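**Q** This is the structure I want to talk about, given as structure tokens.
The values are calculated or read from the model by the stated rules, or taken from the named source; none is laboratory data. Remember, it's a predicted structure, so these values are computed and weren't measured experimentally. As a convention, Cβ positions derive from the backbone with ideal geometry for all residues, glycine included, and neighbour counts pool all protein chains shown. These accessible areas exclude ligands, DNA and RNA; they are computed on the full protein's heavy atoms, side chains included. Shrake-Rupley method; radii C 1.70, N 1.55, O 1.52, S 1.80 Å.
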Amino acid sequence: SFKTIALILVILLIALVIFEIVQFVWRVYVGKKIAAESQKFSIKNLNPTKKILFIGDSTAVGTGANDPKESVAGRFSQKFPNADITNLGKNGARTREIVELIYNIKESYDLIVLQIGGNDILRFTDLQILENDIDKVLSQATKISNKVILLTAGNVGLAPIFPFPLSLFYTNQTLKVRKIFMKVAKINNVIYVDLYTERKDDVFLTDPKRYYSGDMLHLSGEGYGVWFDKIIKATKNAGYFLGF
């Protein structure tokens, strides 16, 4: 009967919602464990040809990569083996925390790579405050280096950790933050590496277990490899020579 079918559908729907909630909570737990075990890549050379600073959130740390060498910072070191790599990445950092951090840096660098904004998307940081904060960060960054690259998370809503409709909220928030970052990067003459993709174009979703870590939010080493390739391509397209 119709009532029986309706009841079965309601039960299945409730079961699906419970499953999604349990899976989400489990992945958050796994993510915290991954973050606690993560180690950021940095290296000091005896006679460095260049000095590179990485600063930002868990994506600067390389959280999710099995080996720190697979992070963006680690991959830069492989491409430029004679460079000093300083890494001030911090799990969970928002742009506001980077303001204070970058103003306390006294030395200069040949290149600064800023990986920030993901936590501002996740925690819905007030957009006016965020615009002011990222402007302060970029303004100071350009004073201690004549080459600055800014990147933030890709389309956060597409990360498999987020069930529908939460995914839609985070995609919408990603677009708002992206717009601000692109605008402020242009004002400060900083290269913005656009990692945003639509669902149909997202390589990460072709094989989530390959490109994401166990929490299905942080990237794996191969995921960071995709980002690294995009950074190199974006800088070349902008005529930003990184040939150290």
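For every residue, the table says whether it meets (1) open to solvent by less than 100 Å² (accessible area, probe 1.4 Å); (2) over 20 Å from V72 (Cβ atoms); (3) of a type in the set (D, E, K, R); (4) touching a Ser or Thr at 6+ places or on another chain (Cβ under 6 Å).
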site	(1), (2), (3), (4)
K3	no, yes, yes, no
Q23	yes, yes, no, no
W26	no, yes, no, no
K40	yes, no, yes, no
L53	yes, no, no, yes
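**Q** Check segment 192-211 and report whether any residue there is farther than 14 Å from N155 by Cα, touching an Asp or Glu at 6+ places or on another chain (Cβ under 8 Å) and β-branched (V, I, T).
**A** Scanning segment 192-211, I find no residue that is farther than 14 Å from N155 by Cα, touching an Asp or Glu at 6+ places or on another chain (Cβ under 8 Å) and β-branched (V, I, T), so the answer is no.
**Q** Something else: Just checking, which of A73, A93, A60 is surrounded by 18 or more Cβ atoms within 10 Å (Cβ to Cβ) and part of a loop (DSSP other than H, G, I, E, B)?
**A** From the options A73, A93, A60, the qualifying one is A93.
**Q** Next question, about the same structure. Among what's in segment 195-231 and is among the polar types (S, T, N, Q) and outside any helix (DSSP H, G or I), pick the residue that is farthest from L168 (Cα to Cα).
**A** S220
**Q** Of all residues being under 20 Å from the mean Cα position of the chain (by Cα) and open to solvent by 60 Å² or more (accessible area, probe 1.4 Å) in segment 96-109, which is nearest to F181 (Cα to Cα)? Just the residue, please.
**A** Only one residue fits best here, namely R96.
**Q** Out of segment 28-38, which residues are of a type outside the set (G, A, S), at pLDDT below 75 and surrounded by 14 or more Cβ atoms within 10 Å (Cβ to Cβ)?
**A** Within segment 28-38, V30 is the sole residue that qualifies.
**Q** If V22 satisfies all but one of (1) touching a residue at least 24 places away in the same chain (Cβ under 8 Å); (2) part of a helix (DSSP H, G or I); (3) over 28 Å from V99 (Cα atoms), what's the number of the condition it fails?
**A** (1)
**Q** Does T125 satisfy the criteria of being more than 21 Å from T235 (Cβ to Cβ), part of a helix (DSSP H, G or I), touching a helix residue (DSSP H, G or I) at 6+ places or on another chain (Cβ under 8 Å) and of a type in the set (S, T, Y)?
**A** Spelling it out, it is not the case that T125 is more than 21 Å from T235 (Cβ to Cβ), part of a helix (DSSP H, G or I), touching a helix residue (DSSP H, G or I) at 6+ places or on another chain (Cβ under 8 Å) and of a type in the set (S, T, Y).
**Q** Within segment 160-174, identify whether any single residue is in contact with a Lys or Arg (Cβ under 7 Å, 6 or more places away or on another chain), in a loop (DSSP other than H, G, I, E, B) and among the β-branched types (V, I, T), and answer yes or no.
**A** yes
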